[in-house]
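Visitor: Have a look at this one.
The values are calculated or read from the model by the stated rules, or taken from the named source; none is laboratory data. Treat the numbers as computed from the prediction; the structure is a model and nothing was measured. Virtual Cβ from ideal backbone geometry, glycine too; neighbours counted across all protein chains shown.
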Amino acid sequence: MELSEAESQLSKLVQEVGDGMEIVITRNGEPIARIVPVLPTTQDRVPGSAKGLFTVPEDFDAPLEDFREYM
């Protein structure tokens, strides 16, 4: 979309981007900018929130068989 067209339709473009569309702005047929939706922010990490989701085996830090010759 040419810059002059984008300037006159900014409200419409913002709505389309809000709906997930990505828009490339051009000047004289050359891309100069891209308008993209803002990614949702991630939630803060909470210590202990993964408790119980996985277990660490007893031999976690034991040497791997394939590497014994290098030790």
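Visitor: Would you mind stating whether residue 63 is closer than 28 Å to residue 19 by Cα and surrounded by 10 or more Cβ atoms within 10 Å (Cβ to Cβ)?
Guide: The answer is no for residue 63.
Visitor: Of all residues being part of a loop (DSSP other than H, G, I, E, B) and among the charged types (D, E, K, R) in the stretch 5-24, which is surrounded by the most Cβ atoms within 10 Å (Cβ to Cβ)? Just the residue, please.
Guide: 22
Visitor: Can you find a residue that is surrounded by fewer than 10 Cβ atoms within 10 Å (Cβ to Cβ), assigned to a helix (DSSP H, G or I) and modelled with pLDDT of 90 or more anywhere in the stretch 48-60?
Guide: no
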